[in-house]
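Encoded as structure tokens, the structure appears first; notes follow it.
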Amino acid sequence: MPDALADADVAGLASAALTAWNALVQICHVEAGDTVLCLGTGSVSLAALKIAKARGARVAITSSQAAKLATARALGADIIVNYRTSPDWAAEVIAKTDGKGADIVIDTGGVDTLGQSIAAAAANARIIVVGVSPGEGPAIPDYLSLIVKNVTIRGIANGSRAMFVNLLDAMVADGMTTVVDRTFAFDDAPDAVRYFAAAGHLGKVMIAF
């Protein structure tokens, strides 16, 4: 690990941030001027937000909680969308991108969100699916939009060691840090698990030992 990175910045990278790096940099080749849509405020989306902003992209992020959206805004999100108050969040993304939509979508929902991800996508967009929700209906209710927009959909899981090395180098170069919600002592590990299970956190929940 690079000496410039704190343990807390590195400990949570190997899954969520590496997945975001694979999606944005390795597959989608994100660049300045792109609009990236991140679904939710989980660790993959927060990492994607930081990586995309470091590369000059514009970032939209969704959540059902106003407080989490406010934090996402403070972290650099250009567009925030509350999907609880705006169930048709794809339409709001389109409206807030001047009718264009997102060039890259990081879909952390899966079956439950893929249809709206396509609806929120720009022409020639790339949608990376990392979510595995069971779903209650067809994943793609509108196949016509998929074809008309010329959308590419790809599923990924994590990334390689080489990608991880590149991610670490980028974190040092760009001054990126990991969003940590709370750190528990080792003896309080059961409390950490309960805190995590309550799903009120934003960022990593860590145990120090």
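Some observations on this one:
- In region 145-166, the qualifying residues are those that are within 27 Å of Gly101 (Cα to Cα) and among the aliphatic types (A, V, I, L, M), and the one that is most open to solvent (accessible area, probe 1.4 Å) is Ile147.
- Single condition Ala192 does not satisfy, out of (1) under 24 Å from Asn22 (Cβ atoms); (2) among the hydrophobic types (A, V, I, L, M, F, W, C); (3) open to solvent by less than 20 Å² (accessible area, probe 1.4 Å); (4) over 15 Å from the mean Cα position of the chain (by Cα): (1)
- Condition met for Arg126 (open to solvent by 30 Å² or more (accessible area, probe 1.4 Å), within 15 Å of the chain's Cα centre (by Cα) and among the basic types (Lys, Arg)): yes
- Residues (surrounded by fewer than 18 Cβ atoms within 10 Å (Cβ to Cβ) and assigned to a loop (DSSP other than H, G, I, E, B)) located in region 91-110: Asp98, Gly99, Lys100
- Scanning region 28-62 for residues being of a type outside the set (D, E, K, R), in a loop (DSSP other than H, G, I, E, B) and in contact (Cβ under 8 Å) with a residue 24 or more places away in the chain gives a total of 10.
- Meets criteria (of a type in the set (S, T, N, Q) and closer than 22 Å to Gly175 by Cβ) for Gln65: no
- Top-ranked residue of region 174-189 - restricted to ones that are surrounded by 11 or more Cβ atoms within 10 Å (Cβ to Cβ) and part of a helix (DSSP H, G or I), ranked as nearest to the chain's Cα centre (by Cα): Asp174
The values are calculated or read from the model by the stated rules, or taken from the named source; none is laboratory data. A quick note: this is a predicted structure, and the numbers were derived from the prediction, not measured. In this analysis, Cβ positions are derived from the backbone assuming ideal geometry, glycine residues included, and neighbour counts consider all displayed protein chains. Protein only, heavy atoms only, side chains kept; ligands, DNA and RNA dropped before computing areas. Shrake-Rupley method; radii C 1.70, N 1.55, O 1.52, S 1.80 Å.
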